[in-house]
Every structure is written in C-alpha cells, then in structure tokens.
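A short reminder: the numbers here are calculations on the coordinates, not readings from a lab. None of these values were measured; they are calculated from a predicted model. Note: ideal-geometry Cβ built from the backbone for every residue, glycine included; neighbour counts use all protein chains shown.
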Amino acid sequence: MAFPATAIIGLFIIVPFLLGFYFAFTNQRMISPNPTEYVGTTNFHQLLDLGVLTLEPERDPATHEVKKDVSGVATYPTVRSITRNNPDMPYFDGMREWFSWHSGDNIKVVVARDVVFMKAIVNTFLFVLIVAPLQGAIALLLAMMINQKLPGINIFRTIYFMPVVVSIVVVSLLWRFIYSGDNGLLNAILGFFTFGTFNPVDWLGNSATALGSIIAMSIWQAVGFHMVIWLSGLQTIPVSLYEASDIEGATSWQKFRFVTWPGLRNTAILVLVVITMQAFTLFSQIAVMTQGGPVDATQTIVFQAVQHGYAKQDIATGSAISVILFIIVITISLIQRYLTREKLA
C-alpha cells in the first residue's frame, strides 16, 4: 500500500536530491557533447572565492611623492591591473571588485570570483532578516485582532487570508502594475495624498527600492497563512487563564506577557521555522517582477540556481548553488532548534 507514495517520493525528491550533490562536483551541462568529468570542489571555489586587496596610492618613482589627479585626489592602481594576467598574484586572477573602503591612505578592496552570487547571498539573508520578524509580528497582531467573538469576524479572517490562496505569480504581476513608475497605483496614491508634490518613483527599476518593494509585497502576500497558525495557537490557550488574570487585575500587556506569549511558545517556533524556510526559497517574485535587476539588486540564491541550471544550462554550478543553500538552511534550522529547545530547570 505504501509503495506508490514511496516510489513517487523517491523518484521526485530523493533521487534529484542525490543527483544534485553528485553534479555539484562535476562539470555537467544540460546539453554538451563532452563527457561528464569529476572536478572536485572547483564549482564551489568559483562561487565562493573571496579576497582582499590593499591598494596603495601611486607614487612618483623619482620623488616618491603621492601622485594626484587634476582635482588633487590621490590616484591608485586599478583593480583590473591586479586581477588580470598578474603572475605575481595568480590567486586573484579573474576576480572582480565587490566593494571597498578607505583604510588610512590605502583602499581595501574585497574581490570575488562571482560577484553576482555574493550579492545573491547578501540579498537573501537581508530578505530573511527583515521578513521573518515583521511577517511573524504582523501575523500575530492580526490573529489577536480576529480571535474575538464579534459579529462578522469571519469576513475579516477571509479577507486577510485571501492573498495566500492566490497564485504567487498572479500576485507578483498585480504588484508589478502597482509599483509601475509611469502610472502605478502606489505613485498615484502618494501623489494624491501629497497634493501632486510627490515625484513618481520606478519602484522596481531603482536599485535602492527594488528589494524593499519585493519585501513589502512578500510580507503582505503570506501574512495571512501565518495568521491562521497563530490563531490556532491562540485558541488552544485555556480561557480560565485569562479569567484568572482579570480577577488578579492584570493589564492587557501583563496578560499578553504572562499568559498569551508563554502559551504560544510551540506555535512561535513553528512560525519562525516556516517563515525562515520560505524566505530562503525566494524565487517567483524575482522571476516575475525584476529578473534579478536592476544592477543585480534583487538577485537571490534560488534565482541564481535556476539561472545557472536552466538559462545557462550549467547544471553543475546550479547544483553547487543548491548544495550551498541546503547547507545554509540546515545550519540555521539547527541553530533555531538549539535556541528554542526546552531548557530544564
């Protein structure tokens, strides 16, 4: 009786999982006349290699004075002069500048072999760090608001949950129109409330606002799902505890702190884990709304895996990215489990 389900799980989950690990250590391509070869950890080095260069100001060979441009600013050698065909520093060959900062008279430059993937990692972690607490907090607030015996309360529950049942692709298309820089709804609303003084913004076409716009949309879209989880947890707390709190004269904050929140401990762990795992798999919004742009401002780990694996037909690199994501998620899950474990008195 269990064979059909076991076979499907093995064929579509276990086998691809194992193949992903195998391909990550090869040069496998989707379509290639060349045979697949084992390349060790080369794919991981291409994705994760980092280095720090120290650029000292250029000096005149005769006087050893610092060279300056026409505006009086010290000149420095270019990063490209060090990372291109430099036999003295072969490790940095082919790397590109990621970011830099001044350290005294010198400039420290962080270079990466795959700058786009580095940006994808940073964007993904930034997305998780913002979405997880905000989405969880807003969902809890909504759950407490609708956990009341009031006429028509089920209407509000339905309204808050509606975005969850709509396809994320449809929601992304809808919000792309809302964020449009030409005649988008958001610009129209802001212009109305500011009496036309607000200058329209291309929310998805500006690298400073693109990721924040996707974060706001993602929180709105999934908050109803976590609201339902919080609501189920709230309804398991005995009413007698609140009645006892009222008798003791507890304030609303005291009831939340000493009754509601302790009663939601297991629910909070579940919500935290679910939000974190969902946030790390951010893909559909990026694929529909920005395609990773502008200027790689919305690149994510999963989007990079799909781009390498399918768009570039580089199965090996796509598999390596998937393995890196798996390690990150497992590590964070273990940390969360350790921090939220039951502590013995």
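Please give every one of the lysines within straight-line cross-link reach of Lys312, meaning a C-alpha to C-alpha distance under 20 Å, and leave out same-chain neighbours fewer than 8 residues apart. Of all the lysines, those that pass the test against Lys312 - Cα under 20 Å, at least 8 places apart if same chain - are Lys119.
Based on the Stokes-Einstein relation at 25 °C and a viscosity of 0.890 mPa s, and on the Kirkwood radius from alpha carbon pairs, the stretch 143-194 is assigned a translational diffusion coefficient of 182 µm²/s. Relative to the longest principal axis of the Cα atoms of the chain, helix 315-339 runs at roughly 50 degrees. Cα axis of helix 239-248 to longest principal axis of the chain: angle in degrees, 0 to 90, nearest 10? Helix 239-248 sits at roughly 80 degrees to that axis. For a straight C-alpha distance cut-off of 28 angstrom, the lysines reachable from Lys149 (same-chain residues fewer than eight places away being disregarded) are Lys255. When only alpha carbons are used to place a centre, the stretch 111-160 and the stretch 215-244 end up 13 Å from one another.
Once you compute Rg and the Kirkwood Rh from C-alpha atoms, what is the Rg to Rh ratio for the stretch 42-186? That ratio is 1.25, to two decimals. Over all directions, the projected convex hull of the C-alpha atoms in the chain averages 30.8 nm² in area. Shape analysis of the stretch 106-244 places it in the oblate category; the axes a ≥ b ≥ c from the Cα gyration tensor give an a/c of at least 1.5, with a/b not above b/c.
Amide H contacts for Phe99 (H built 1.01 Å from N in the peptide plane; partners 5 or more residues away or on another chain; cut-off under 5 Å): Val110.
Taking Cα centre as origin and charging only the Cβ of basic (Lys, Arg, +1) and acidic (Asp, Glu, -1) residues, the dipole magnitude of the stretch 51-112 rounds to 180 debye.
With the charge dipole of the chain set up from +1 on Lys and Arg Cβ and -1 on Asp and Glu Cβ about the Cα centre, the Cα lying farthest toward the positive end among the listed residues Asn206, Phe3, Phe177 is that of Phe3.
For Lys68, the lysines whose Cα falls under 21 Å of its own Cα, not counting residues fewer than eight places away in the same chain, are Lys108.
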